[in-house]
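The values are calculated or read from the model by the stated rules, or taken from the named source; none is laboratory data. What you are looking at is a predicted structure, and each value in this text was computed from that prediction instead of being measured. Cβ sites come from the backbone with ideal geometry, for glycine too, and all protein chains shown count toward neighbours.
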Amino acid sequence: MAEETGFSTMGRVLGDGSSAPNIGIGMLGYAFMGKAHSNAYKTIPYMMYPPPAHPVLERIAGRNEEGVRAAADRFGFRNYATDWRDVVNDPNVQILDNGGPNSIHLEPTLAAIELGKHVVCEKPLGRNPAESRRMWQAAENAGVKHMTAFNYRFVPAIVLARKLINDGAIGEIRHFRGQYSQEWLVDSNTPRLWRMDKESAGSGALGDLGAHTIDLARFLVGEPVAVNGRMSTFVSERPNPDDASKMEPVTVDDAYAALVEFDTGIIGTIEATRYANGRKNGNAFEINGSKGSLAFNIENLNELQVYILDSEPREANGFRSVSVTEQYHPYWDNWWPQGHIIGWEHTFVHELYHFLDCVTNDKPVGPWGATFEDGYKADVVAAAIAASAENNGARVEVKY
């Protein structure tokens, strides 16, 4: 998908869907992301038509045999395993889809790359920049396709925002403000899961939610060059998930906030929390330019808020809600008549369709998809925020 490609043909592959090759998918993780990715692979052949390839769900792995066996049956995988090595070494698997906990991103991904398999890996790519860089460099050296699963790049309204920015519709960019707010940890009795353990997750809200905001900032307005950050942990211990009478320490952040300087002189703020009562999945941003502004919230996925300074009538000039559901909008020639909205799960359909296209037709994953390099850079920015927070909010330069 080149920058100049028209929306009506964005990412399209010409030809007969019946001639598209089969491509074997191996998956790590069968819970939240496993469900989302499996749904996308099953949807692609008949909705993103003609498909670049027909994904064949070969083998899925999870640590709990009963759970992964049920997931394989439910999602339609041919086989299952409790050891990720069985997935990576399966000769029928050409793409490894790594949606496991952050602690198993590195080793299986490197093993798959060594075997010449293409890899899509959930974010954050690594628990730290060193892990991310190893994956990126290995994939580059091996010549395989690699993508960090920043699915929000594939929201039609966000693709439209990028086009408006690149076309100069809102002028010179002055500000980026991004936030990601959820409420799922407000209850202090919520069990301590792997996402609250530094060894497993690497970080808390910063890596889990903030990585998305960092990536969108880079995707839309440019490279961060310096940050000032703060982080907080509001609840220091939580019940063991298997025995609520036992309390275990929370070793990651519950919330972060940062001031960001960009290479173009833009001033920005980014933040995330899992303690925002009333916010279910509030991934939002506002971008202010010299001629207008854009605003977006994933909770209204099909709408982009647009303000153009000199639009008429002047008396009614202000933000207007654009329903990004027309046939000429990104990806919409694959979906429904105008105004018939799509949902969060369709971002994964667009994302994995793009990756299959890149693998099958030897296209570059970037700039629309996030490569492992993008995953690495997001981790570097996050690490700079954490380093600043550890030093009382001191300015830290972002160095790749």
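Scanning segment 213-264 for residues that are modelled with pLDDT of 95 or more, under 23 Å from R174 (Cβ atoms) and of a type outside the set (A, V, I, L, M) yields a count of 12.
Of all residues in segment 69-120, how many are of a type in the set (S, T, N, Q) and either under 12 Å from G29 (Cβ atoms) or within 23 Å of the chain's Cα centre (by Cα) (or both)? Full working, then the answer.
Here is the first cut: in segment 69-120, the ones of a type in the set (S, T, N, Q) are 79, 82, 89, 92, 94, 98, 102-103, 109.
Now drop any that are not either under 12 Å from G29 (Cβ atoms) or within 23 Å of the chain's Cα centre (by Cα) (or both), which leaves 94, 98, 102-103, 109.
Result for segment 69-120: 5.
Considering segment 355-400, and only residues there that are under 19 Å from V144 (Cβ atoms) and of a type in the set (A, V, I, L, M), the residue that is surrounded by the fewest Cβ atoms within 10 Å (Cβ to Cβ) turns out to be V359.
In the set (1) surrounded by fewer than 22 Cβ atoms within 10 Å (Cβ to Cβ); (2) under 29 Å from G207 (Cβ atoms); (3) small (G, A, S), G100 fails one condition alone, (1). Tallying residues that are hydroxyl-bearing (S, T, Y) and crowded, with 18+ Cβ neighbours inside 10 Å within segment 288-298 yields 1. Count of segment 222-231 residues, restricted to those that are over 17 Å from A389 (Cα atoms) and surrounded by 24 or more Cβ atoms within 10 Å (Cβ to Cβ), is 0.
In segment 194-221, the residue that is farthest from V260 (Cα to Cα) out of those that are surrounded by fewer than 18 Cβ atoms within 10 Å (Cβ to Cβ) and touching a helix residue (DSSP H, G or I) at 6+ places or on another chain (Cβ under 9 Å) is W194.
Condition check for V260 on (1) assigned to a helix (DSSP H, G or I); (2) touching a Pro at 6+ places or on another chain (Cβ under 8 Å): one failure, at (1). Each residue in segment 262-287 was checked for being surrounded by fewer than 19 Cβ atoms within 10 Å (Cβ to Cβ) and touching a His at 6+ places or on another chain (Cβ under 8 Å), and 2 pass. What about L352, is it in contact with a Phe, Trp or Tyr (Cβ under 8 Å, 6 or more places away or on another chain), crowded, with 19+ Cβ neighbours inside 10 Å and not β-branched (V, I, T)? Judged against the criteria, L352 is a match. The single condition from (1) over 19 Å from the mean Cα position of the chain (by Cα); (2) buried (at least 19 other Cβ atoms within 10 Å of the Cβ) that D167 fails is (2). Cβ-Cβ distances below 8 Å connect the following pairs, each with a first residue in segment 242-255 that is assigned by TED's automatic domain parsing to the domain that holds M231 and assigned to a loop (DSSP other than H, G, I, E, B), a second residue that is loosely packed, with under 15 Cβ neighbours inside 10 Å and aromatic (F, W, Y), and a separation of six or more residues or different chains: D254/F234.
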